[in-house]
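Written out below as structure tokens is the structure these notes cover.
The values are calculated or read from the model by the stated rules, or taken from the named source; none is laboratory data. The structure displayed is predicted, hence computed values, not measured ones. Here Cβ is always computed from backbone atoms with ideal geometry, including for glycine, and neighbour counts include all displayed protein chains. With ligands, DNA and RNA removed, areas are computed over all heavy atoms of the protein, side chains included. Shrake-Rupley method; radii C 1.70, N 1.55, O 1.52, S 1.80 Å.
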Amino acid sequence: QVQLVESGGGLVQAGGSLRLSCVASGNIFSINTMGWYRQAPGKQRELVAGLTSGGYTNYADSVKGRFTISRDNAKRTWYLQMNTLKPEDTAVYYCGANLGRYRYWGQGTQVTVSS
């Protein structure tokens, strides 16, 4: 079991940047994949970026070249660097950790991009 706490959301103008953080505690060494997801009002939650324990990354087409997922093992923290933000990036962002067949979620952090 793991516990996840996100931070770093906020209000930013289009073209700006934000860095989200996800601090993990508990059985973090069993995390297979950490993902950043987002959910906009009236829409389903979608995967934005994923990072496996082996260092493989994948991104949604809508964020490729703008977002970067990374981790700091010493700080037990995963990051999502978001550049060139667009109004359509507005959503609640969640980190989600896969441990075997289970997924654990953080509470989410709101990102709002104004035009």
Task: Residue satisfying condition, being small (Gly, Ala, Ser) and out of contact with any strand residue (DSSP E or B) (no Cβ under 7 Å at 6 or more places or on another chain), within set Gly15, Gly26, Gly106, Gly96 - done: Gly15
Open item on the list: For Arg66, only one of the following conditions fails: (1) among the charged types (D, E, K, R); (2) under 20 Å from Gln110 (Cα atoms); (3) out of contact with any Leu (no Cβ under 8 Å at 6 or more places or on another chain); (4) surrounded by 14 or more Cβ atoms within 10 Å (Cβ to Cβ). What is its number?
Closed with: (3)
- [ ] State yes or no: is Leu99 open to solvent by less than 60 Å² (accessible area, probe 1.4 Å) and in contact with a Lys or Arg (Cβ under 7 Å, 6 or more places away or on another chain)?
- [x] no
Task: Flag for Tyr93 being open to solvent by 50 Å² or more (accessible area, probe 1.4 Å) and either hydroxyl-bearing (Ser, Thr, Tyr) or touching a helix residue (DSSP H, G or I) at 6+ places or on another chain (Cβ under 6 Å) (or both) - done: no
TODO: Only one of these is in contact (Cβ under 8 Å) with a residue 40 or more places away in the chain, surrounded by 15 or more Cβ atoms within 10 Å (Cβ to Cβ) and assigned to a loop (DSSP other than H, G, I, E, B): Leu85, Leu80. Name it.
DONE: Leu85
Open item on the list: within 14 Å of Glu6 (Cβ to Cβ), of a type outside the set (Ser, Thr, Tyr) and part of a strand (DSSP E or B): is that true of Arg38 in this structure?
Closed with: yes
Open item on the list: I'd like to know if segment 19-31 contains one or more residues that are open to solvent by 30 Å² or more (accessible area, probe 1.4 Å), closer than 16 Å to Phe67 by Cβ and not in a loop (DSSP other than H, G, I, E, B).
Closed with: yes
Task: Residues within segment 41-68 that are under 14 Å from the mean Cα position of the chain (by Cα), of a type outside the set (S, T, N, Q) and either under 19 Å from Arg101 (Cα atoms) or assigned to a strand (DSSP E or B) (or both), tallied - done: 9
